[in-house]
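Where a number appears in this text, it was derived from the coordinates with a stated rule and is not lab data. In this text, all values refer to a predicted model and were calculated from it rather than measured experimentally. No Cβ is skipped: glycine too gets one built from the backbone with ideal geometry, and neighbour counts run over all protein chains shown.
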Amino acid sequence: MAKIKFTKTELKVQQDSLKQFSRFLPTLQLKKQQLQVEVQLSTELLKKNLAEQQELIKRMESFLSLFAPQADLEFIESRVKIRNVIKGEANIAGITIPTFDRVEFEPLLWDLFDTDWFIDDAVKSLKEAVSLSEAHKVLEEQHRLLAAELRSTSQRVNLFEKVKIPECKENIRRIRIMLGDLDTSAVARSKIAKKKSQEAAEAAAS
């Protein structure tokens, strides 16, 4: 605990600090609750995305296994080139997080009459898989930012609840006791001085 001065000025400083901490604490607690909800939602979205990726991979593996002797995997992969990943921004509990919009692919064409019929479906599935993978990266960044902000906010809530507010209350209590003792001592000294003055006056009169 920091050293304090046992003065009326210090008492006001401590009282003002207590009011400030008490005023900010509910806002921080509300932010913490909101972030807890958002982190949980972010975790669920990550799990959902992974489940969708795994399901798509199973479908693609099953599909391609039927045409494995004929499927030119290198050709299919060469038809999927990312041009740009379109992202946005959102503000959650006072922090800015990235959002996933879509993936733009290079418009690579091929002769439909010169390739197997399933190539088109395979390319579409691969593009979907790539989009899910890019979305997962954004979701991971969202989760990282939200979790970091939750940790920071939780630390501030704990600091206010368990350190700053109790510390101010204790300082105020100690200062009031000391000021009360000083007032009592001052009154006692005043009475003693008054009594001595009266006795001296009486002695001089006699």
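Below are the figures for this structure:
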{"quantity": "Peptides 3-14, 26-37 ordered by average Cβ neighbours within 10 Å, highest first", "calculated": "26-37, 3-14"}
{"quantity": "Backbone N under 19 Å from the Arg144 label point (7 Å along Cα→Cβ), restricted to region 71-109", "calculated": "85-92, 95-101"}
{"quantity": "Burial ranking of peptide ranges 165-178, 52-65 (average Cβ count within 10 Å, highest at the top)", "calculated": "165-178, 52-65"}
{"quantity": "Segments 121-127, 90-96 sorted - mean Cβ within 10 Å per residue, highest first", "calculated": "121-127, 90-96"}
{"quantity": "Interchain or long-range residues, amide H under 5 Å from Ile92's placed H", "calculated": "Ile97"}
{"quantity": "Two-site label geometry, Ile57 and Lys169: point separation in nm, points 7 Å out along Cα→Cβ", "calculated": "5.3 nm"}
{"quantity": "Restraint check, Lys32/Lys137; Lys48/Lys137; Lys32/Lys164; Lys81/Lys137; Lys3/Lys162; Lys47/Lys81, Cα-Cα greater than 21 Å", "calculated": "Lys32/Lys137; Lys47/Lys81"}
{"quantity": "Extension reserve of the Gln33-Lys81 stretch, reckoned as 0.36 nm per residue once the Cα distance is removed", "calculated": "13.1 nm"}
{"quantity": "Distance (nanometres) between label positions extended 7 Å along Cα→Cβ at Phe24 and Asp121", "calculated": "6.1 nm"}
